[in-house]
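Quick note: the coordinates plus some simple rules give every number you see, no bench work behind them. Note that this is a predicted model, so its numbers are computed, not measured. As a convention, Cβ positions derive from the backbone with ideal geometry for all residues, glycine included, and neighbour counts pool all protein chains shown.
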2 protein chains.
Amino acid sequence: MPTPSRASLAQIIDAGREIVEGSGASGLTMQAVAERVGVRAPSLYKKFADRDELLRAVTGATLEDLSVRLESAGDDIAELARVYRSYAHERPEAFRMMSTVSMPVDALRQPVEPLLRACARVFGEEDALNAARFAVSWVTGFVQMEFAGAFRLGGDVDVAFEYGLRRLGSGLHP
Amino acid sequence: MPTPSRASLAQIIDAGREIVEGSGASGLTMQAVAERVGVRAPSLYKKFADRDELLRAVTGATLEDLSVRLESAGDDIAELARVYRSYAHERPEAFRMMSTVSMPVDALRQPVEPLLRACARVFGEEDALNAARFAVSWVTGFVQMEFAGAFRLGGDVDVAFEYGLRRLGSGLHP
DNA sequence: ACCTGAACACCGTTCAAGT
DNA sequence: ACCTGAACACCGTTCAAGT
């Protein structure tokens, strides 16, 4: 007779996200997820082809989370960058996975949407994509180097970020 | 009686770099390195405390490599960025490790030196550090998103890079 | 001094057998 | 239908025993 699955997909993903926040991506093992969800590791293969698919699902949830955050950030490019960075500070491990786990294109479309809109408003449709790529490259790189400890040798990092935001502004406004 | 070690530190690191280029960081196992160097895995622990230390050594070699490249790139910020990106394209896996493996501060000092000099020349000592961080954040983020496949949804990536370089220029020149 | 086999704990993954 | 124990291949790491 049909048996309902003991752990829903959403439950598994949530468990995964909690583990990531606590022990990083390397702590996200099939066994750890299974245990937290009250099941044995092999059962997870009913929902995910392999660990990589689970990583993608967890990262996908992070991207959706971030999207919501950015949506409610308004139309200002600088403000979007600040919200992006503060999200990264809030969930450093999840943030890392965004650039570590290779995601399908569709998952990346949504979170860039707000920035794309902001850029289109300021520069017109034509330059929007290039401008958005410029901005997103800078902010992503900044946070990543910050996390990598590359900004440890002097100067205030928050000041450097605001400096960058100003430069971004004058870089984008012709 | 004293026995000379069968695999030098340099040989091990070189073996590691070759493996990385072929199979990525995840392929850089103690066993794979040991085999390529003609020794058993436990022997490697004579030279490295653990796998992480080996990863750092390999990444350190990459950073030195990159430094040499950048040194011979001249004093132009845009040119430095181009050289940086082309190095990343040449050794994508090694490049990934630069932001994945957590490195000691000292290892990061050398490769930024040329950019720092270029920025000091253009903006003076005072703004050099902030300007360098702005530039390095952008170019690092750009290449990383390029590798992550974030730039797959339209537009030419090379064009976007040159666009970014122009924006970087007008962003940095007040 | 350096190297090794054997062992341990821990992975991901498969699959036949259970309900 | 879903779940599981057992098994396999593969890790990192330790250590006593070999030369």
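The table that follows gives values for the structure above.
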{"item": "Inter-chain Cβ neighbour average for residues A:101-113, partner chain, 10 Å", "result": "2"}
{"item": "Top of A:Leu55, A:Leu129, A:Leu116 by mean-square fluctuation, Gaussian network on chain A, Cα under 10 Å", "result": "A:Leu129"}
{"item": "Residue-by-residue Karplus 3J(HN,Hα) for segment B:34-40, coefficients 6.51, -1.76, 1.60, Hz, glycine and proline x", "result": "4, 4, 5, 10, x, 8, 9"}
{"item": "Rounded tilt (10° steps) of A:105-148 against the dominant C-alpha axis of chain A", "result": "70 degrees"}
{"item": "Structure-based [θ]222 nm, chain B - -39500 (n - 2.57) summed over DSSP H runs of at least 4, per residue, nearest 500", "result": "-24500 deg cm²/dmol"}
{"item": "Sites B:Leu9 and B:Val157 - FRET efficiency at Förster radius 30 Å, r taken between beta-carbons, to 0.05", "result": "0.20"}
{"item": "GNM result for chain B, Cα springs below 10 Å: residue of B:Gly149, B:Gly164, B:Gly22 fluctuating most strongly", "result": "B:Gly149"}
{"item": "Between segment B:1-79 and segment A:1-20, the alpha-carbon center distance in angstrom", "result": "40 Å"}
{"item": "Per-residue average of Cβ from other chains inside 10 Å of A:144-153", "result": "6"}
{"item": "Ascending list, in nanometres, of distances separating the A:Asp156 label from those of the other copies (7 Å, Cα toward Cβ)", "result": "4.4"}
{"item": "Angstrom value of the Kirkwood radius, inverse mean 1/r, which spans all Cα pairs in the protein assembly as shown", "result": "21.9 Å"}
{"item": "C-alpha long axis of helix A:51-71 to longest principal axis of chain A, angle in °", "result": "40 degrees"}
{"item": "At 7 Å out from Cα toward Cβ: B:Pro92 inter-copy label distances (nm, ascending)", "result": "2.9"}
{"item": "Cα convex hull of chain A - mean projected area over all directions, nm²", "result": "11.9 nm²"}
{"item": "Where the Cα pairs of segment B:1-48 fall when distances are cut into 5 Å bins, in %", "result": "5, 23, 34, 21, 11, 3, 2, 1"}
{"item": "Within chain B, longest stretch clear of exposed trypsin sites (Lys or Arg not before Pro) (DSSP loop, no more than 15 other Cβ within 10 Å)", "result": "B:48-151"}
